[in-house]
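See below for the structure under consideration.
The values are calculated or read from the model by the stated rules, or taken from the named source; none is laboratory data. In this text the structure is predicted, and so the values were computed from the model without any measurement. Note that each Cβ is placed from the backbone with ideal geometry, even for glycine, and that neighbours are counted across all protein chains shown. Note: accessible area is taken over every heavy atom of the protein model, side chains too, but ligands, DNA and RNA are not part of it. Shrake-Rupley method; radii C 1.70, N 1.55, O 1.52, S 1.80 Å.
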Amino acid sequence: MSIKRIAVGAFALATVAASATLTGAAEYKVEDEAIKASLTGKAGDPDNGKKVFLNRKKGNCLACHVVSSLKDQPFHGQVGPPLDGTASRWSEGELRLRIVNAKALNEDTIMPAFYRKDGFHRVLKNFKGKSVLNAQEVEDVLAYVMTMKE
Amino acid sequence: MKRKALVLAGVGAVALAVPSVMTFAAEDWGQYQVGDKRSGYTFAKAETRAIQDDDFENPGMLWVEHGEELWETVDGEAQKSCKSCHADASDTMKNVGSTYPVFAKDIGKLENVENRINRCRTDNMKAKPWKYDSRNMLGMVSYVKRQSFGQPMNVKVDGDAAPWFEKGKEFYNQRRGQLDMACKHCHVDNAGNMIRANTLSQGQGNGFPTYRLKWQKPGSLHRRFRGCNKQVRATPYKTGSDEYLALELYVMYRGQGLPVETPAVRN
């Protein structure tokens, strides 16, 4: 078993304490293919998580995933597996790592890393130095995904 | 101008009539499929394909017709039209659409149809270059490529073109933007899958300029590249740039053997 420390850029390390991780810059620890601790130290809010999950400018998770309980929403994509029952297949920490950076598990995946803010190629100006979701949004989406039990 | 359509033995009707559970046999897409290569046509909705198939309904044909008019229009200080030098396009331009982009020895770089046309305008006609996605440029490119209608794509990727091809291939497989995806993640790994409301195709270039129902006008291949870059939150390159020329060569090579479909219709 390997324990890796992933720092999201040196700049992040220097500012993490002061910035309260709002730009998606917190340090986290990957252990057993999971991130066991909350990125914010707080529990996520599943109601806000659902909003972030659906928002096309934020999670936009339905672009690639079918979720049966969201049948009222149009256009579920088929690029990834259906998320029905995913919280019965994976632990909270495993799901957190999937949302933070799915590439830690599958280098070639199409699923974006939602909590990484640099190391990208030619990012559009408006998105430079930012992660797709901030730390609390990751925790909120995670809390919502944790409701997807078999 | 001659009206012609690629003949596709009743596929539309078959696809409509057979319930999806029964389509276990691979669909016969005629010329629109060559081995594993499939034109965007084969991923489009039946209604969209029907618009493309009917030359009188296909709105892209209006641009082809505009190009045909421009072909004979004198412009620039040299007082020439395209026709003055190139005579009958159905003869002199018939291999352009299927073989471009090409390495042009006289300028020492890769050149696509748009850039070649502007070179003729500035150097041979002493006329102003056209803007890349202007009505005139789209019209002329559509007209020129239409002369290769139905011919299999056959671009040259060796010799002087080889370094451009390699660059294009690298571009295609490089992750970019905040969403960190390469072309191949959508158009190779996920061709045929729905992403939101769209069925991902193989991202082939054989139908360009393509009339987009969403835009209500045709767009160049490079405009499409810009859109596909921006949707993953990556900074696009300029239309006509060296980067996109290299990418164009690679994309056309991926579709080697597919027929020139200009003007294709897509949503």
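Here is the link list: B:Lys45/B:Lys105; A:Lys57/B:Lys214; A:Lys103/B:Lys230; A:Lys58/A:Lys149; B:Lys169/B:Lys214. Which ones come out longer than 31 Å on Cα distance?
Violating the 31 Å Cα-Cα cut-off are B:Lys45/B:Lys105.
Tell me, which residues of segment B:224-240 get at least 30 Å² less accessible area when the other protein chains come in, versus the chain alone (1.4 Å probe)?
B:Arg233, B:Thr235, B:Tyr237
Which chymotrypsin sites (Phe, Trp or Tyr not before Pro) in segment A:67-150 pass both tests, a DSSP loop state and at most 12 other beta-carbon atoms within 10 Å?
A:Phe75
Tabulate in residue order the Karplus-calculated ³J(HN,Hα) for segment B:214-228, using 6.51 cos²θ - 1.76 cosθ + 1.60 with θ = phi - 60°, rounded to whole Hz; enter x for Gly and Pro.
In residue order, the calculated couplings are 5, 8, 6, 6, x, x, 6, 4, 5, 5, 5, 4, 4, x, 5 Hz.
Give me the angle, in degrees from 0 to 90, between the Cα long axis of helix B:162-173 and the longest principal axis of the Cα atoms of chain B, rounded to the nearest 10.
Compared with the principal axis, the helix lies near 40 degrees.
How big is the A-B contact in terms of buried accessible area, both chains counted, 1.4 Å probe, rounded to the nearest 100 Å²?
2400 Å²
Under 1.5 on a/c is rounded, so check that first for chain B, then, if it is not, pick prolate when a/b is larger than b/c and oblate when it is not; a ≥ b ≥ c are the square roots of the alpha carbon gyration tensor eigenvalues.
oblate
Using alpha carbons only, how many degrees (0 to 90, rounded to 10) separate the axis of helix B:135-146 from the longest principal axis of chain B?
With rounding to tens, the tilt is 70 degrees.
For segment B:33-126, which whole percent of the accessible surface, found with a 1.4 angstrom probe, sits on carbon and sulfur atoms?
Solvent-exposed carbon and sulfur of segment B:33-126 make up 50 percent of the total.
Give the accessible surface of chain B per residue, rounded to a whole number of Å², with probe radius 1.4 Å and ligands, DNA and RNA excluded.
With the other protein chains kept in place, chain B gives 47 Å² per residue.
Looking only at other chains, what is the average number of their beta-carbon atoms within 10 angstrom of each beta-carbon in B:183-196?
For peptide B:183-196, the averaged partner shielding equals 4.
Per residue of A:78-85, how many C-beta atoms from partner chains lie within 10 Å of its own C-beta, taken as a mean?
2
Rounded to the nearest 500 deg cm²/dmol, what is the calculated helix-only ellipticity per residue at 222 nm for chain B, with -39500 (n - 2.57) per DSSP H run of length n ≥ 4?
-10000 deg cm²/dmol
I need to check one value: relative contact order of segment A:7-145, counting alpha carbon pairs closer than 8 Å and at least 6 residues apart, in percent.
Once normalised by length, the contact order is 35 percent.
Below 12 angstrom from the Cβ of B:Pro163, what's the summed charge of the other residues (Lys, Arg +1; Asp, Glu -1)?
On the way: positive: B:Lys109, B:Lys167, B:Lys169; negative: B:Asp158, B:Asp160, B:Glu166, B:Glu170, B:Asp242.
Cβ neighbours under 12 Å give a net charge of -2.
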